[in-house]
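Have a look at the structure below before the remarks.
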Amino acid sequence: MFPSASLAVALVLFAATVARAQATTREPRQRTVIVTGTPAEPPHEVHVSHETPTVFLFGSEIRKKSVRVDASRIRVVDTGEQSRSLIVQAVSPLGDGERHEIEVEFANGKAPARAGFALVAPASDVDTLINVVRPEPAAPTCPAEVRADVRGPEDLLLLGYMGQSGIPTARMNKTKDATQGLESREGVAYRGKGWLMFQVWIRNMRGPHPWVPTAATLTSETGEKLRGRVVLEEPGEPAQGEAVRMLVVTEEPPAGAGLVFVLELSRAEGRSLTFPPVKVPAPAQEPKR
C-alpha cells in the first residue's frame, strides 16, 4: 500500500539528517493519520518547523499540481508529477497561533478524493514522518463518488459541472490599478443557495515580486461586509505578467444588503486590487409547488 521500504527509509533518514544538522530543539515524532473526507472531519494538525522537513507518505499516488498551500510561508519540495510522497518545510519561523492549511488530491479519483492538513509550529515537537491512510469505501457508487469529489461551489466550476447557464450569473467589468501593478480581465459573479462566487483572472504587472491574494472582502452599499476565501486554479506563485484564474467564495449576503458590492482582494504584504462596484445576481426564485 505504501511506497517501498527503501524509499520510506531514505526519506526518513533525509529528514533526520537535516534535523541533526540544524540542531533543532523540537522532539521529532512519526505517526499515522487516517483521512475520511467527511465534511465534519477537521484538518489533521501536523507540527512543522523551518529547521526540519516534514515527509508525508501517502497510501496511493497524489496529483502534485493539486497541492494548495501558501507558498510564501510553506515550502513544498516537489518530487514529480505524481508520487506517493510530499516534503514540506516552513520558509521561516511560524508565529504563535499561525496556521496554514495544505490540501492534496489523490490521483485515482476514489473517495475520499482529498486530504487536508493544518500546519502549525508548536515549540515542543515536530512531525518528521506522516503516514497518510484513507479507508477503502465498502461499496462505492457513481453518485457517491461525485458527491465526495465536490466540496464547495468552486469545485463545481473547476470540475466543469457548472457554467454560465442554469444558475444566476452577472458580468464583472475588468479593472486596472497602475499604482498596485495589478489588472484583471472581465469576470463572472455566480449565485447559488447560500453562497456567492466570483471568477476573475488577475495579472501581476510588477516584477520581480509575485502576488497572490490571501484575503477577500465584499462590501455592500449599506456597509455590510462579508469575508471570502480565495481559491487558485493552480498552486504556487505565478510569473510576472501571467494571468491567473482565481475564485472568491463568500456566504450569501442578507436580503437587506442589496445587490451592489465592492470586491477587494489583498495580502499581508500590502498590495491589493479593488474591483468597481459589482452587481451580483438576484437570488433564483424557488419553483412553486
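Summary of computed values
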| item | result |
| --- | --- |
| Integer Hz, Karplus 6.51/-1.76/1.60 couplings in order for region 94-104, x for Gly and Pro | 7, x, 4, x, 6, 9, 10, 8, 10, 9, 10 |
| Gained length - ALA284 relative to ALA243, 0.36 nm times residue gap less alpha-carbon distance | 11.6 nm |
| Per residue, the convex hull volume that the Cα atoms of region 24-136 enclose (Å³) | 94 Å³ |
| Surface accessible to a 1.4 Å probe, THR274 within the full protein complex, Å² | 70 Å² |
| For LYS279, solvent-accessible area (1.4 Å; no DNA, RNA or ligand), Å² | 130 Å² |
| Accessible area (Å², per residue) of region 71-124, counting only protein heavy atoms and a probe of 1.4 Å | 44 Å² |
| Theoretical FRET efficiency, 1/(1+(r/R0)^6), r = Cβ-Cβ of ARG29 and GLU264, R0 45 Å, to 0.05 | 0.65 |
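The values are calculated or read from the model by the stated rules, or taken from the named source; none is laboratory data. These numbers were taken from a predicted model, which means no experiment stands behind them. Positions of Cβ are backbone-derived with ideal geometry, glycine not excepted, and every protein chain shown enters the neighbour counts. Note: areas computed on protein heavy atoms with side chains; ligands, DNA, RNA excluded. Shrake-Rupley method; radii C 1.70, N 1.55, O 1.52, S 1.80 Å.
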